[in-house]
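The values are calculated or read from the model by the stated rules, or taken from the named source; none is laboratory data. As the structure is a prediction and not an experimental result, all values here were calculated from the model. Quick reminder, even Gly has a Cβ in these numbers, built from the backbone with ideal geometry, and neighbours come from all protein chains shown. Note: accessible area is taken over every heavy atom of the protein model, side chains too, but ligands, DNA and RNA are not part of it. Shrake-Rupley method; radii C 1.70, N 1.55, O 1.52, S 1.80 Å.
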Amino acid sequence: MSDYILVIDAGTTSTRAMLFARDGGCHAATAADITQHYPRPGHVEHDADEIWQRSLGVARAMVERAGGPDRIAAIGIANQRETIVFWDRDTGEPLAPAIVWQDRRTAAMCRTWREAGEEPGVQARTGLLLDPYFSGTKIAWALEHWPQLRAAGERLAIGTVESWLVWKLTHGEHITDATNASRTLLMALGSGSWDDGLIDLFGVPRAALPRIVDNAGQLAETSLLGGLIAICGMAGDQQAATIGQACLTPGQSKATFGTGAFVLANCGHTPPTSRHRLLATVGWQLGGRRTYALEGSVFVAGSLIQWLRDSLQIIASADETEALARSVPDNGGVYLVPALAGIGAPWWEPAARAAITGLSFATGRAHLVRAALEAMAHQSHDLKTAFAADGADWATLRIDGGMVANDWMAQDLADMLGLPVERPGFTETTALGAAMLAGVGCGWFATLVEAAAMRGRVETFTPALDEDVRQARLDGWRIAMRQVIEPRR
Ligand code: G3P
């Protein structure tokens, strides 16, 4: 009897591997950093070979910790979404840098498509908007600017990160799962298949695309980890976190505060339509049947704290932020709108730039740090407003990701959203969701509901802020946000 699910969580800043037991216990974990390349302002690239080598390295370390491949029941994969990889089918080597989801290089192309009136049709078919965030625009740019891709002809393979990892693990299986495919701008949301019209619009060679598969099942097999192990689950990381948070019933919502912050609300089996600049996306697909979600994508969350640490150097580590936020009675009138990579939902302004407003001689670093943490609640509140307007308001919000270890921030979220916020004891819900999928795929569990027994205890933060103080904060944020958005419109 195999003891563990091995999860590979290939995220934006690190790739991690973990071992999960059937009761959801995380037996071991290890991580390796991913190098961020910024060749020009607005450009963000990864080395696909580094993603592969480091993912393989952490996976091998976990197989060793488990006591060998026979102890692994299945592999589950979660990954940073939208980031796109180009490789050669013959050599299995990357043909170009991977263009990362945060990359803004296609802003002008998106503007042109929008001005040509393409956005309503694209949104109706994919649930997405014409923003540089999504893979299709990145593929179009790469085919235009990197001649080696066209020169590769039929040898060209294109895929998101899970697709790339599976290709490498299996020596040539070219598949992608429905959640990742739904982030490319190339998949029709209703049918779960590549859409010919969209493939034409972005000029993508259809033969270069992978086959779209379910999120769980006997998806592929690898012999690279010391023995034959089945890959039985895979999903984009935010969808995996939605599963890991057991948002399995329509109306349940989660927010993950990682590099960015992503809120997904389960919307059942009919593709939702947003009229307030949210995204419609596949939550998961099992047995060919899709569950859909509405999503609000915020591009800057944990990366803001990293920026305070590495670029401004006003903190030495993220752990300091909680004590600093508590050390002042309020933000001192300071607001930080973190549009460091443009701004995502519900504004979608790729050219927007960040602002810090309300500075005075009385401002200290604690105010700046507090304003940075407060920005998480404010960005979430903007999303809540859009979800409510789309008829998908949140009753509670389940939170996870590295940032939510900060109790002050978790309470601020409850206070500003005005609703209970639930934090699981084990906050690596992305990896847990991939383990749940693999657990279903390998037969440990019959359904995701059964697999949700892997989830542990939950702590609830309830709103406690004076309503006048709350309104004053919301007003202050609105004024600061206007300074960021209006010059671009
Ligand atoms: O859509 C981008 C998202 O998948 C990135 O997630 O956890 O690497 O910030 P993360």
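Side notes on the structure shown:
- Counting only Cβ charges, +1 for Lys and Arg and -1 for Asp and Glu, the dipole size of the range 236-383 around its Cα centre is about 380 debye.
- Protein-only accessible surface at a 1.4 angstrom probe places the residues 450, 428 in the order 450, 428, largest first.
- Unmatched cysteines, the chain - criterion: no other Cβ of a Cys under 4.7 angstrom: 26, 110, 247, 267
- Take every Cα pair under 8 Å whose residues are at least 6 apart in sequence, average their separation, divide by the length of the chain, and the relative contact order is 15 percent.
- Of the chymotrypsin sites (Phe, Trp or Tyr not before Pro) found in the range 318-399, those in coil by DSSP whose Cβ has at most 15 other Cβ atoms within 10 Å are 361.
- Take every Cα pair under 8 Å whose residues are at least 6 apart in sequence, average their separation, divide by the length of the range 4-237, and the relative contact order is 21 percent.
- Comparing 262, 220, 157 along the charge dipole axis of the range 145-268, the residue lying farthest to the positive side is 262, per the Cβ-charge model.
- Share of carbon and sulfur in the accessible area of the chain stands at 49%, probe radius 1.4 Å.
- Its Cα centre serving as origin, the chain has a Cβ charge dipole (Lys and Arg +1, Asp and Glu -1) of approximately 460 debye.
- Long hydrophobic helices in the chain: the complete DSSP H runs spanning 20 Å or more by Cα along their own axis with mean Kyte-Doolittle hydropathy of at least -0.5 are 48-66, 365-389.
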